[in-house]
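A.B. asks: Following this message is one structure expressed as structure tokens.
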Amino acid sequence: AWLHMARQDDAGASRHIEAGLRWASKIEDAVRRSETEGQLLTLSGVVAIRLSHLEEARRTLMAVLSRGEALGAPRLQLEALDNLADIASKLGQWNDTAAWGERMLALSDSIGSAGDVARAHLRRAEAAEARGDTASAIRWHEQDLVIHRATADRRMEAITLRFLAGLNLRQGDARTALQCSLDSQALHLDLNEPLEACLAAAIAAHCQFHLGQPAAALEGLDAVLVRLRGEMAEYPANETIALRWRCHQVLQALSDERAAPMLKQLHADVQATAAERTDAADRERLIQTIPDFRDIVAAYAGRGGQGSAP
């Protein structure tokens, strides 16, 4: 199932999960059977999240959480809590994201799992950033960076460095942000994670612009745009919104004519993503509570609703 998910084949993943559940139902030991089913249902919840079936995912993961509590299985609970926090984030429900993160932290501490403590910090940092508390978000990520390096978790180190790059740039420290983004990009490339590497590269280009290096910024960004048009062209649009928004910001800063059509498409994709995630009555709230969505809509409106160049 994981292999199919990595290949963007959610239908294939679902087929393997269903087959796994049929197999798991035959396990004689009741505890082992229930825990195995819980693990498979967690994967089912993740697939539902990827498909933007968020209410279905929430119901599935709440059931997994209850199962984990009944079994006294902390790992099952932590996976459910982390994915429930992800759902809350995708809905812009930041108080819920923070609350799930708090529960993750308490459980992680109780079993002495440093990696899960860091995952809990990540959820708290995500909520803090969305609510404008950049200093707290940086503090959580800096604590995580120490943990990931100590546990040799290179993927989470790369992700944390990328978050720190964006946050430090927002705080006006482009030099620190550039180093974080370059370190993150190198790790993601080594791990063969093109989308994440491109996001780090786009942040690096933004930093270079702010450091008075427009030619370097354009060169780096052009390399990202080539990959966006190539290997990432088939990615679901909602998965590349953050990357394309960062690219737009750099293009806009460089007065590049490619900024206008990119913004127009971003606006359309934000509206479509919001429509997938929630009902019409809640759509505007969702857009206004997710920072990238809010900023894209504001930029589009500020240019006369056409994504036109200034």
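A.B. asks: Residues that are within 14 Å of the chain's Cα centre (by Cα) and either over 20 Å from residue 126 (Cα atoms) or free of Cβ contacts under 8 Å to residues at least 40 places away in the same chain (or both): does the stretch 180-193 have at least one?
C.D. replies: Yes; the residues of the stretch 180-193 include at least one that is within 14 Å of the chain's Cα centre (by Cα) and either over 20 Å from residue 126 (Cα atoms) or free of Cβ contacts under 8 Å to residues at least 40 places away in the same chain (or both).
A.B. asks: Checking residue 212 against (1) surrounded by 15 or more Cβ atoms within 10 Å (Cβ to Cβ); (2) outside any helix (DSSP H, G or I); (3) at pLDDT 95 or above: exactly one of these is not met. Which one?
C.D. replies: It fails just one condition, (1).
A.B. asks: When you go through 260, 217, 205 one by one, which is the residue that is over 23 Å from the mean Cα position of the chain (by Cα) and either in contact (Cβ under 8 Å) with a residue 40 or more places away in the chain or surrounded by fewer than 18 Cβ atoms within 10 Å (Cβ to Cβ) (or both)? If you could, list the steps in order and put the result at the bottom.
C.D. replies: Details: 217 fails: either in contact (Cβ under 8 Å) with a residue 40 or more places away in the chain or surrounded by fewer than 18 Cβ atoms within 10 Å (Cβ to Cβ) (or both); 205 fails: over 23 Å from the mean Cα position of the chain (by Cα).
Being over 23 Å from the mean Cα position of the chain (by Cα) and either in contact (Cβ under 8 Å) with a residue 40 or more places away in the chain or surrounded by fewer than 18 Cβ atoms within 10 Å (Cβ to Cβ) (or both) holds for just one of 260, 217, 205, which is 260.
A.B. asks: Related question: Can you name the number of the only condition in (1) over 16 Å from residue 77 (Cα atoms); (2) touching a Pro at 6+ places or on another chain (Cβ under 8 Å) that residue 137 fails?
C.D. replies: So the condition that residue 137 fails would be (2).
A.B. asks: Here's another thing I want to ask about it. Condition (residue is out of contact with any helix residue (DSSP H, G or I) (no Cβ under 7 Å at 6 or more places or on another chain) and of a type in the set (Gly, Ala, Ser)) applied to the stretch 71-83: is it met by at least one residue?
C.D. replies: Yes - at least one qualifying residue is present in the stretch 71-83.
A.B. asks: Within 21 Å of residue 183 (Cβ to Cβ), assigned to a helix (DSSP H, G or I) and of a type outside the set (Asp, Glu): does that describe residue 266? Lay out the reasoning, then the answer.
C.D. replies: Details: within 21 Å of residue 183 (Cβ to Cβ): no; assigned to a helix (DSSP H, G or I): yes; of a type outside the set (Asp, Glu): yes.
In short, no.
A.B. asks: Output the residues belonging to the stretch 28-79 that are touching a residue at least 24 places away in the same chain (Cβ under 8 Å) and within 25 Å of residue 282 (Cα to Cα).
C.D. replies: Result: 45, 46, 47, 49, 50, 51, 52, 54, 57, 58, 61.
A.B. asks: Do we have residue 283 as of a type in the set (Lys, Arg), under 23 Å from the mean Cα position of the chain (by Cα) and at pLDDT 95 or above here?
C.D. replies: yes
A.B. asks: Among the residues of the stretch 143-189, which ones are among the β-branched types (Val, Ile, Thr) and over 24 Å from residue 113 (Cβ atoms)? Give the steps one after another, and end with the answer.
C.D. replies: Within the stretch 143-189, the subset among the β-branched types (Val, Ile, Thr) is 146-147, 151, 159-160, 176.
Within the stretch 143-189, just 176 meets the criteria.
A.B. asks: A further question follows. Does the stretch 144-164 contain any residue that is outside any helix (DSSP H, G or I) and within 27 Å of residue 49 (Cα to Cα)?
C.D. replies: Yes, the conditions are met somewhere in the stretch 144-164.
A.B. asks: Here is a follow-up. Taking helices (runs of 4 or more DSSP H) that do not extend beyond the stretch 56-135, which have at least 1 residues that are surrounded by fewer than 17 Cβ atoms within 10 Å (Cβ to Cβ) and among the small types (Gly, Ala, Ser)? Break it down into steps so the answer makes sense when it comes.
C.D. replies: Working: elements: 74-90, 94-111, 114-130.
Output list reads 94-111, 114-130.
A.B. asks: Do any residues in the stretch 90-106 that are more than 18 Å from residue 279 (Cβ to Cβ) have Cβ atoms under 7 Å from those of residues that are among the basic types (Lys, Arg), where the two are at least six apart or on different chains, and which pairs are they?
C.D. replies: 94/131; 97/123; 98/124; 100/123; 101/123; 101/124; 104/119; 104/123
A.B. asks: Looking only at residues in the stretch 277-302 that are acidic (Asp, Glu) and in a helix (DSSP H, G or I), which one is nearest to residue 237 (Cα to Cα)?
C.D. replies: So, considering only residues that are acidic (Asp, Glu) and in a helix (DSSP H, G or I), the one nearest to residue 237 (Cα to Cα) is 292.
A.B. asks: Taking residue 223, is it within 23 Å of residue 87 (Cα to Cα), at pLDDT 95 or above and surrounded by fewer than 21 Cβ atoms within 10 Å (Cβ to Cβ)?
C.D. replies: So residue 223 fails the test.
A.B. asks: Still on this structure, please answer the following. Within the stretch 263-296, which residues are surrounded by fewer than 16 Cβ atoms within 10 Å (Cβ to Cβ) and of a type in the set (Gly, Ala, Ser)?
C.D. replies: Those that are surrounded by fewer than 16 Cβ atoms within 10 Å (Cβ to Cβ) and of a type in the set (Gly, Ala, Ser): 268, 272, 275, 280, 281.
A.B. asks: Any idea which of (1) among the aliphatic types (A, V, I, L, M); (2) surrounded by fewer than 19 Cβ atoms within 10 Å (Cβ to Cβ); (3) modelled with pLDDT of 95 or more is the one residue 309 doesn't satisfy?
C.D. replies: With respect to (1) among the aliphatic types (A, V, I, L, M); (2) surrounded by fewer than 19 Cβ atoms within 10 Å (Cβ to Cβ); (3) modelled with pLDDT of 95 or more, residue 309 is out only on (3).
The values are calculated or read from the model by the stated rules, or taken from the named source; none is laboratory data. Note that the coordinates shown come from a computational prediction; the quantities given were computed from them, not determined experimentally. Cβ atoms come from the backbone with ideal geometry, glycine included; neighbour counts cover every protein chain shown.
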